[in-house]
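Take a look at the structure below.
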Amino acid sequence: MEMKYEFGYPAAKRIALIEELKEKTKETHSEEYMGKFRPLPVIEIRIEALIYRLENIRTINAQKEWLATNPEKPKDFFTAEPGAIEVQEVQHTLLKKIVTKDNLIKAFSVDKATGTSLKQKYPLIVSDEGVVVNGNCRLCAWRELYYNEPEKYPHFQTVRVAVLPDHDPKGMYDLEVNLQLAEPEKEDYVWHAIAADSKAKCEQGFDIDKIAKNRNMKTKELNTMIEAYEYAESYLESIGKKDEWSRVDKNYYAFKEIVLGRRSLNKPGEKELFSVISKSILSQPAKDGRLYDQIPKVVKNLDRISPKLKEVFDIDTNQEESDEISLLLGNDANENDSENAIIAAGIEKAENPELVVKTVVNVIETADEIEKEKKKNGFIFEQVCKAATILNNAAGNIDDRMSKEGISKQIESIKRSISVLENWIK
């Protein structure tokens, strides 16, 4: 009984079939490949014959995540034998998540009103060995439709492909990047996939200016994205979710703001406190990015946030620095920066990110309110009235069952402020 293939014929059979079909075709499709526009022969081949290209940029981090969640599999699962049936099946599941999210399956499915579906417009691009260089997601979507309902999608039994003259790795990579920018049937790549690929290429000696240009990006912008990727990488590891990249698909803005914020801070203690606060913000659900919008404001208000966190978490900053904090701060640390580092260590040890975020947001909102109120002539009067109302409410609702913890510290702080105001109005 002949074996049934769905995710690629064996290599020898693929290559022989492609050569045979090339001899029979006269149709061509031109693409720039290896620096030249070339007329590539276009053939029609059965949908199950081709294999996915595992170096696909869109799945670079999806593969890492799959390995992280399948630790029993070897680390070279995707590279040792790319054409293996099991490997291709897994790659199909990874691509299926992408095409489902991008509504690509829906786009090619039958329209209930007309009873028809979209058909293939542009040929896939494949190597001379039948590896799909461009069009992996489309192929995945068509396979899902045809394999599940062949009688409904008979037009996807075969696909049209343009065949490259060889399978040069760099040539195929350049072609994928160039076509990604102009592909009419494909959504944008997720941010961390672009960053991961760009970082890998830099480490291989590729010029970052050229990488950025190929992606229609400025070099500074790409550098920021790579830094955001590196921070996201360390963040996932710190929360015990190493390489689970789908968790940060929509968090580029947050990581970008963290990178920009850290760049604007000069002292290591400040950087550490900002990082711990940012990590706490990332751990909390953010609707419409509103919570993430607070990240740039953390930098601006760090001098206000630091003492408040110290107070709320009751952190003793008079303690001797630990070896870890001394190593972090180096020789240039001053007393305030040392205190920031101790506060950072204290709130991280407390493991209460919700309270960190609540405290930080309260400080920022108060600071924003103060900035607004400062523009009014009656600013101080209005602030004192608000404080009086709040204190009267507190005094009028005393209940012995309520906690008294931390109240004495707050009262001392209030007394100091009253003393300043009394001296001011004399």
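General remarks:
- Scanning segment 234-255 for residues that are part of a helix (DSSP H, G or I) and either among the hydroxyl-bearing types (Ser, Thr, Tyr) or closer than 14 Å to Ile194 by Cβ (or both) returns Ser234, Tyr235, Ser238, Trp245, Ser246, Val248, Tyr252, Tyr253, Phe255.
- The residues on offer are Tyr9, Tyr33, Tyr52, and the sole one that is of a type in the set (Phe, Trp, Tyr) and more than 20 Å from Met172 (Cα to Cα) is Tyr9.
- Condition broken by Asp197, with the remaining ones in (1) of a type in the set (Asp, Glu); (2) assigned to a loop (DSSP other than H, G, I, E, B); (3) outside the structural domain of Gly35 (by TED's automatic domain parsing) satisfied: (2)
- Of all the numbered requirements in (1) over 30 Å from Lys242 (Cα atoms); (2) polar (S, T, N, Q); (3) modelled with pLDDT of 95 or more, Thr114 misses one, and that requirement is (3).
- For segment 264-276, the condition of being part of a helix (DSSP H, G or I), of a type in the set (A, V, I, L, M) and more than 21 Å from Ala62 (Cα to Cα) holds for at least one residue.
- Segment 223-279 - residue that is in contact (Cβ under 8 Å) with a residue 40 or more places away in the chain and of a type in the set (S, T, N, Q) and, of those, nearest to Leu309 (Cα to Cα): Ser275
- Meets criteria (more than 22 Å from the chain's Cα centre (by Cα), assigned by TED's automatic domain parsing to the domain that holds Ile51 and in a helix (DSSP H, G or I)) for Val87: yes
- Scanning segment 381-420 for residues that are outside any helix (DSSP H, G or I), under 19 Å from Lys308 (Cα atoms) and of a type in the set (Gly, Ala, Ser) turns up just one, Gly406.
- Residue list for segment 16-43, restricted to those being on the phi < 0 side of the Ramachandran plot, aliphatic (A, V, I, L, M) and not in a strand (DSSP E or B): Ala16, Leu17, Ile18, Leu21
- Selected residue (criterion: modelled with the highest pLDDT) from residues of segment 323-368 that are within 28 Å of the chain's Cα centre (by Cα) and in a loop (DSSP other than H, G, I, E, B): Asn352
- Residue match in segment 374-396 (condition: among the acidic types (Asp, Glu) and loosely packed, with under 10 Cβ neighbours inside 10 Å): no
- Scanning segment 108-155 for residues that are touching an Asp or Glu at 6+ places or on another chain (Cβ under 8 Å), surrounded by fewer than 17 Cβ atoms within 10 Å (Cβ to Cβ) and either part of a helix (DSSP H, G or I) or without any contact (Cβ under 8 Å) to a residue 24 or more places away in the chain (or both) yields a total of 1.
- Matching residues in segment 1-35 - criterion: being farther than 24 Å from Leu54 by Cβ, surrounded by fewer than 10 Cβ atoms within 10 Å (Cβ to Cβ) and over 35 Å from the mean Cα position of the chain (by Cα): Met1, Glu2, Glu23, Lys24, Lys26
The values are calculated or read from the model by the stated rules, or taken from the named source; none is laboratory data. Not measured: the values here are computed from a predicted model. Heads up, the Cβs are rebuilt from the backbone with ideal geometry, glycines too, and the neighbour counts pull from every protein chain shown.
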